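The values are calculated or read from the model by the stated rules, or taken from the named source; none is laboratory data. Since we're looking at a predicted model, the values are computed, not measured. Note that each Cβ is placed from the backbone with ideal geometry, even for glycine, and that neighbours are counted across all protein chains shown. Ligands, DNA and RNA are excluded from the accessible area calculation, which covers all protein heavy atoms including side chains. Shrake-Rupley method; radii C 1.70, N 1.55, O 1.52, S 1.80 Å.
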Amino acid sequence: MNVNSCVTGSSQRLVPSTRILAAFCGLVLVVLLGVAAKLEPNPAGLGTHEQLGLPPCSFRWLFGMRCPSCGMTTSWSHAMRGQFRDALSVNVGGTLLAGVAVFAAPWCLLSATCGRWVVRPPSDRILAAAALFVAAVTLADWAFRLTAT
């Protein structure tokens, strides 16, 4: 790929370690999205991860209630099928993360390939704010589900 043909938000070339990290992150996200697409969403709204041979949620077993991440794999699986209403009904935070992954995977891979940040380089503040936002939404969704039962 011709580096000059990339649409860039930064003219500064990425150092090799940053390119490797971007490629690694992009590949991990592609794998996670691919696995989510292959899994059949559990009709119960949680437990889809057990299709991967993982054990049931320990939090549910110990405390008899959902944990904040209960339903995340199921929400990703629904989102990969375009079933956004179902994805949101299972876990709002998981749905947000799946949406971020859908955009971040190609961005990371293209940036690694081009050797420059495509569109715009990430800012530490934006990354921290996004992580806090998803965590806050996940916890709010969890609190809502606990009070609704």
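Structure notes:
- Note on E40/R60: beta-carbon distance plugged into 1/(1 + (r/R0)^6) with R0 of 22 Å gives a FRET efficiency of 0.65.
- Net length gained if the chain between A128 and Q51 were fully extended (0.36 nm per residue, minus Cα distance): 24.5 nm
- This structure gives P(r) over Cα pairs in 10 Å bins from 0, in percent, computed directly, and of [x] 11, 33, 30, 18, 7, 1; [y] 11, 35, 35, 15, 4, 0; [z] 12, 42, 36, 9, 0 that value is listed as [x].
- By the combined test of axial Cα extent (at least 24 Å) and Kyte-Doolittle hydropathy (mean at least -1.0), the qualifying DSSP H helices of the chain come to 16-38, 92-114, 124-148.
- Rounded percent of accessible protein surface that carbon and sulfur make up, the chain, 1.4 Å probe: 69 percent
- Cα lying deepest toward the dipole's positive end in the chain, options F63, A101, M80, charges on Cβ: A101
- Net charge of Cβ neighbours under 11 Å - reference W117; Lys, Arg +1; Asp, Glu -1: +4
- Each stretch of four or more DSSP H residues adds -39500 (n - 2.57); spread over every residue of the chain, this sum gives -20500 deg cm²/dmol at 222 nm.
- Check: the chain dipole with +1 on Lys, Arg Cβ and -1 on Asp, Glu Cβ, in debye: 300 debye
- Net charge contributed by nearby residues that have their C-beta within less than 11 Å of L39 (K/R +1, D/E -1): 0
- For the listed peptides 40-48, 74-82, 11-19, 92-100, a ranking on the average number of other beta carbons within 10 Å per residue, highest first, reads 74-82, 92-100, 40-48, 11-19.
- Scanning residues 5 or more positions from C67 or on other chains, those with amide H under 5 Å from its amide H are R60, with H placed 1.01 Å from N in the peptide plane.
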